[in-house]
Amino acid sequence: MRIIEGFQLAKSALTRQPLAELYSVSPSVEQRLREIFGAEIDPEQAVRQIISDVRQRGDAALVDYTFRIDGVNLTSLEIGKQSVSSAYREVNQELVSALKLAAERISYFHSVQKDNLCKEFSVQGLGQLIRPLERVGVYVPGGAASYPSTVLMTVIPAKVAGVKEVVLVTPPSKGFAPPSTLVAADIAAVDRVFSVGGAQAIAALAFGTESIPKVDKICGPGNIFVTLAKKLVYGVVDIDGLQGPSEVLIVADEAANPKYCALDLVAQAEHDPSASAILITTSQHLANEVAKEIERQLKDLKRQAIAAESLENRGMIAIVSTVDEAIELVNLYAPEHLALMVDKADTYIDKVFNAGCIFVGEKSTVVLGDYVAGPSHVLPTGGTARFSSPLNITDFIKFINLVTIDEASLKQLGQAASTIARAEGFEAHARAVEERLKTD
């Protein structure tokens, strides 16, 4: 893990580059694309073809691509309520209890958020109406792994917002969705679950098939093909964003616990080889101790190869002179997760403008935010925290403006509207106002 000394070098290293690699694939994936499609084809071309096929052939295309890509021959796309209920028998009770606790916390946070953000009003003939989306689709990665936390973190905010129907899609594993995913879906009150993944699942949610209903918005992370599919169907439906590799940035001073720092960096790195784990510190001693501790933590880690690759290629420790310099670098980098492990950490909160979620103090490990703290862990990545927000209640509602003009307001505003309309060359606009201004 490289160590950089000095603010200017750190600034250069943390300046974001265009994420061209977000849509690049390994040689093995390129070979797999050739096998599936029988020709040289890049990921976007493949996704475009999949979307087109699903639009034209519906369920048949979903079954076809699930067999060709996942090697699973589906006999049914939808997973029935009985199968969801029986999944509890295959999941450890301790995990079920943990998921229920997480669900309570997530529901509570977003209920409070709804009460504070989502208010209708009417004043002087002007108002705001709030309406939830009718139907939302949630994509949950699956296959060899399961991510029940993603179910809770995406579905529960939608439910709290008042979305009438939530449809979940997840890739099949041996012909069936992971049991923990199904248990989480039940806890979160998902309405329908379908065993289909990849770009074909996104296309089905966007356009609808015989079995899978068309939705208004698609949420949830996925691989390059899911991300490209979300990008290509945006406009037909809304999306929550284009999530890239996960990332953490820790700001620490000489009083920080090096083991805590190292564990949080390694925890982020074990997500994916493309994950970014960064420490900015004012202490040379801490930097050295954290680097040593990382090596110790990697030795017996099950996902050692993944974490080591991430830390080698995308990890960094930067040494700067002051915490204020570190915060300046934070705002430049706009991390998904920001951990403040400094003395009087809460005094620096107001100086942070670009971050997906801020974890204040050394007890506030990012891992708690991943699973049970309460706010959704679906956060802006790749520097998009400069202009976008975590998944939240407002992702699942629409604001409708309301205008009521009485006679007094018409007299006050009508001539100005007519003047602007004529200045822009819209005579019919002007007439529509002027006619109302006429008195009998």
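All of the numbers you see were taken from the coordinates with simple rules; none came from a lab. Only a predicted model underlies this, so the values are computations on that prediction, with no experimental measurement involved. Note that each Cβ is placed from the backbone with ideal geometry, even for glycine, and that neighbours are counted across all protein chains shown.
Some observations on this one:
- Exceeding the 20 Å Cα-Cα cut-off - candidates LYS114/LYS398; LYS100/LYS398; LYS159/LYS398: LYS100/LYS398
- Gained length - ASP343 relative to ARG422, 0.36 nm times residue gap less alpha-carbon distance: 22.3 nm
- For region 119-183 versus region 26-88, the inter-centroid distance based on Cα atoms is 22 Å.
- Derived scalar couplings ³J(HN,Hα) [region 365-371; Karplus, 6.51 cos²θ - 1.76 cosθ + 1.60; whole Hz; x for Gly, Pro]: 5, 4, 4, 5, x, 5, 10
- Calculated FRET value between PHE353 and TYR108, using beta carbons and R₀ = 25 Å, to 0.05: 0.40
- Among SER418, SER28, SER195, SER111, sorting on how many other beta-carbon atoms sit within 10 Å of each Cβ, with the fewest leading, yields SER28, SER111, SER418, SER195.
- Placed amide H near SER364: partners under 5 Å, 5+ positions off or other chain: none
- Check: region 297-440 dipole with +1 on Lys, Arg Cβ and -1 on Asp, Glu Cβ, in debye: 260
- Couplings 3J(HN,Hα) for region 147-157, derived from phi with the Karplus relation 6.51 cos²θ - 1.76 cosθ + 1.60 (θ = phi - 60°), are 9, x, 5, 5, 4, 4, 6, 9, 6, 4, x Hz, where x marks Gly and Pro.
- Relative contact order of the chain, defined on C-alpha pairs under 8 angstrom at six or more residues apart (%): 19
- Spread over its residues, the convex hull of the C-alpha atoms of region 285-440 is 234 Å³ per residue.
- For the residue pairs LYS119/LYS217; LYS231/LYS299; LYS11/LYS344; LYS11/LYS119; LYS230/LYS344, the alpha carbons lie more than 32 Å apart in LYS231/LYS299; LYS11/LYS119; LYS230/LYS344.
- Under a model in which nothing but the beta-carbon of Lys, Arg (+1) and Asp, Glu (-1) is charged, the chain shows a dipole of about 760 debye around its Cα centre.
- Take the Cα of ARG32, go 7 Å toward its beta carbon, and the backbone nitrogen atoms of region 212-228 under 17 Å from that spot belong to 222-228.
- Each pair of Cα atoms in the chain enters the Kirkwood radius, and Stokes-Einstein at 37 °C and 0.692 mPa s then converts it into a translational diffusion coefficient of 136 µm²/s.
- This ranking places CYS357, CYS118 by how few other beta-carbon atoms lie within 10 Å of each, fewest first, which gives CYS118, CYS357.
- Note on LYS411: lysines with a C-alpha under 28 Å away, same-chain residues under 8 apart excluded, are LYS438.
- Mean Cβ neighbour count within 10 Å, used as a protection proxy, ranking 36-43, 74-81 highest first: 74-81, 36-43
- Ordering MET153, MET1 by the number of other Cβ atoms within 10 Å of each residue's own Cβ, fewest first, gives MET1, MET153.
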